[in-house]
Amino acid sequence: MKVLLRSVCVVLFLTIFLSWPVGAETIEDIKVMMDQMKTDYETRIKELEGKVEALGVQQKKDSAKISEVATKHEEQVAQIEQKIENTALDVEYVGRDKAPVGRGGLLVKNPFGFGNVSVGGYVDLEYGDFENTNSAFTQHRWVINIGAFPHERLRFNSELEIEYGGPNVPNADGEVKVEQAYVDYMISNPINLRAGAILVPFGRYNLYHDSDLQNLTDRPIMAKDIIPTTWTEAGAGIFGQFNPVFGTYEDLDLKYELYVVNGLDAGFSDTGLGGGRPGLKADNNDDKSVVGRLAVSPFLNQEFGVSGYWGEYNTTNDDIAGVGLDALTTFGPFELINEYAYFSVEESDNVDVANFFQGAYSQLNYHFWPKFLDHSFLGRGFQDPKLTLVGRYDWVLIGDDTDSSSSDNNEETRWTMGINYRPIDNFVFKLEYQWNQTTDEALERGDNNGFLTSVAIGF
């Protein structure tokens, strides 16, 4: 290593010596030249040190700018994330019938501050096999519920039904119709205002007709031919609720609905009032009808209802008047539902119409669940599954309108036995068998017996 250094020094010395200018022969000249070289090198070193220092200062400035930009970027990202969070919809499935308004189970909370919206509905599929008819699957109903709560005193509720696939399917026997679409102006518990397409408060079944609520597939004959469920009217009126207290008795609950509507028209016959349901666009006469229901609940899960209806149905001032009674009684796992309705029809001179419609049904439900099914496929993973045994008797009697050779009144009865399975409250499999008997004109199944099975889900 030392030999190498010596060699380098010799080479440097020779290089400097050989580069001396001509005439630089004295040691003084060499000394002056070396001092000049030293001064030049020191100057250049200082210049380089200045440049390095300047670069350091510039680097610090650049680092500060980069840090400032990064901080601003982080702040902008945080602001954007906050805006996204503020404007994002807060969606929660609260469960069927658990939303502030409407039956839909999906609650959409609006971030802009003008209320919540509920979305839901139900769908069912049926299979029937009856005497003298072809067995068939029937996609009967798909119903969409939308409700809104734009303000604590303002509500909107709606129900749109698609039956048999709608009007554009082959055979064109389906339909799309509004079953409910109304607004509420809340004043206080005892009295509130409602207007729109209203579910008529006559009887119990018309108000609670959804497939996922019911324990049998077929609706009662009375709920088809006497109270034409689903019965919707355009109109307006009032509704409210009272909770009077008598001493220590605080369980009494009173609810009422009272509306002015267009009313039934002259389209009915001696096979049912269903043809008299009006549209939502116009009335066939200038007089309006009145309908209402009062429900009294003395205790939880006990309810007794009284309904009334009056209105003119044609242009000759003939009227229809109706009264209905219904009751829900529960005792332990048993549930008893009874309903009766009667309509009288005024006839014009020389015109034969069905001058009365009456019917009733009585249904007993028994809810149970064997514990040994908890770990089977029927119970595994479900919190409170249920089996329900169901029995129902239906009876309907309608006055004859002389449209057939017989002058007998039309009467139909039905016995139904069934069982259903609910893994959750709003999902149900149903199986039932019917025995039907008819006098004179057939109203629904005639004398044909058979079985029905279906599945329905509400959401």
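If you take every residue apart from LEU254 with its C-beta less than 14 Å away from the C-beta of LEU254, what net charge results, scoring Lys and Arg +1 and Asp and Glu -1?
Details: positive: LYS255, ARG293; negative: GLU250, ASP251, ASP253, GLU257, GLU303.
Charge balance in the 14 Å sphere: -3.
If you take the charge dipole of the chain about its Cα centre, with +1 on Lys and Arg Cβ and -1 on Asp and Glu Cβ, which of SER344, MET417, VAL396 is farthest toward its positive end?
The listed residue farthest towards the positive side: MET417.
In nm, give the distance between the simple-model label positions of ILE66 and VAL176, each being 7 Å from the Cα along the Cα-to-Cβ direction.
6.1
Please report, to one decimal in angstroms, the Kirkwood hydrodynamic radius of the range 117-206 built from all distinct Cα-Cα pairs. Present the calculation step by step, with values, prior to reporting the outcome.
Values: mean 1/r = 0.0641 Å⁻¹.
So the Kirkwood estimate lands at 15.6 Å.
Cα axis of helix 2-18 to longest principal axis of the chain: angle in degrees, 0 to 90, nearest 10?
The angle comes out near 70 degrees.
Length gain on complete extension for the stretch LEU55 to ALA282, per 0.36 nm per residue less the alpha carbon to alpha carbon distance? Present the calculation step by step, with values, prior to reporting the outcome.
Values: separation 227, 0.36 × 227 = 81.72 nm, distance 8.75 nm.
Result: 73.0 nm gained on full extension.
Largest first and in whole Å, what are the equivalent-ellipsoid semi-axes of the range 227-295 based on the Cα gyration tensor, each being the root of 5 times an eigenvalue? Mind dumping the intermediate values first?
Values: eigenvalues 224, 40, 13 Å².
Computed over the range 227-295, the values are 33, 14, 8 Å.
Calculate one ³J(HN,Hα) per residue across the range 333-343 by plugging θ = phi - 60° into the Karplus curve 6.51 cos²θ - 1.76 cosθ + 1.60, and present them in order as whole Hz with x for glycine and proline.
Whole-Hz 3J(HN,Hα) from phi for the range 333-343: x, 9, 9, 10, 10, 10, 8, 9, 9, 9, 10.
Can you give me the angle between helix 27-87 and the longest principal axis of the chain, using Cα atoms only, in degrees from 0 to 90, rounded to the nearest 10?
Helix 27-87 sits at roughly 10 degrees to that axis.
Which whole-Hz ³J(HN,Hα) couplings does the range 187-195 yield from phi under the Karplus relation 6.51 cos²θ - 1.76 cosθ + 1.60, θ = phi - 60°, glycine and proline marked x?
10, 6, 4, x, 8, 9, 9, 9, 8
Note down the nm distance, to one decimal, between modelled labels 7 Å out along Cα→Cβ at LYS46 and at PHE242.
10.7
Between ARG380 and GLN76, how high is the FRET efficiency from 1/(1 + (r/R0)^6) when r is the Cβ-Cβ distance and R₀ = 41 Å? Nearest 0.05. Kindly include the intermediate steps, with their values, before the conclusion.
Numbers: r = 51 Å, r/R0 = 1.24.
The value I calculate is 0.20.
Are there trypsin sites (Lys or Arg not before Pro) in the range 200-286 that DSSP marks as loop and that have at most 13 other Cβ atoms within 10 Å, and which are they? Kindly include the intermediate steps, with their values, before the conclusion.
Working: sites: ARG204, LYS224, LYS255, LYS281; in loops: ARG204, LYS281.
Listed in order of number, the matching sites are LYS281.
Summing Lys, Arg as +1 and Asp, Glu as -1, what charge do residues with Cβ under 14 Å from the Cβ of SER307 carry, SER307 excluded?
Details: positive: ARG204, LYS255, ARG293; negative: GLU233, GLU257, GLU303, ASP326, GLU339.
Net local charge, SER307 excluded: -2.
Grab the DSSP H runs of the chain that are 4 residues or longer, score each as -39,500 (n - 2.57), total them, divide by all residues and round the 222 nm result to the nearest 500 deg cm²/dmol.
After summing the helix terms and dividing by residue count, I get -6500 deg cm²/dmol.
Dividing the Cα radius of gyration by the Kirkwood radius, what Rg/Rh value follows for the range 188-458? All intermediate terms of the calculation are to be shown ahead of the outcome.
Numbers: Rg = 20.4 Å, Rh = 20.3 Å.
Using only Cα positions, Rg/Rh for the range 188-458 is 1.01.
Of the labelled options [x] 27.7, 84; [y] 42.9, 157; [z] 22.3, 70, which one gives Rg and Dmax of the Cα atoms in Å as computed for this structure?
Given [x] 27.7, 84; [y] 42.9, 157; [z] 22.3, 70, the structure-derived one carries the label [y].
Quick check: net charge around GLY359, other residues with Cβ under 10 Å of its Cβ, Lys/Arg +1 and Asp/Glu -1? Can you show the working numbers first?
Details: positive: LYS224; negative: ASP225, GLU339, ASP394, GLU411, GLU412.
Spelling it out: positives minus negatives among the neighbours equals -4.
Counting only residues 5 or more places away or on other chains, whose amide H sits under 5 Å from the amide H of ASP318 once H atoms are built in the peptide plane?
Those lying under 5 Å, H to H, from ASP318 are TYR313.
Say each of LEU254 and PHE331 gets a label point 7 Å from the Cα, pointing the same way as Cα to Cβ; how far apart are those two points in nm?
It works out to 2.7 nm between the two label points.
What is the set of long-range amide H partners of GLN180 at a cut-off below 5 Å, with H atoms built 1.01 Å from backbone N?
The list, which skips near neighbours in sequence, is GLU159.
Could you give each residue of the range 223-239 its phi-based ³J(HN,Hα) in whole Hz, using Karplus coefficients 6.51, -1.76, 1.60 with θ = phi - 60°, and x for Gly or Pro?
Coupling constants for the range 223-239: 6, 10, 9, 9, 9, x, 6, 8, 9, 10, 9, 7, x, 8, x, 10, 8 Hz.
With a cut-off of at most 16 other beta carbons within 10 Å, and DSSP calling the residue loop, which chymotrypsin sites (Phe, Trp or Tyr not before Pro) in the range 334-377 qualify? Please list them.
Working: sites: PHE334, TYR340, TYR342, PHE343, PHE356, PHE357, TYR361, TYR366, PHE368, PHE372, PHE377; in loops: PHE377.
Here the sparse-neighbourhood loop sites are PHE377.
When only DSSP loop residues count, what chymotrypsin sites (Phe, Trp or Tyr not before Pro) in the range 296-328 have their Cβ near at most 15 other Cβ atoms within 10 Å? Let's see the in-between values first.
Working: sites: PHE299, PHE304, TYR309, TRP310, TYR313; in loops: PHE299, TYR313.
Those satisfying the criteria are PHE299.
Bear in mind these aren't lab numbers, they're just calculated from the coordinates by the rules spelled out. Quick caveat, the model's predicted, so the values are computed rather than measured. Here Cβ is always computed from backbone atoms with ideal geometry, including for glycine, and neighbour counts include all displayed protein chains.
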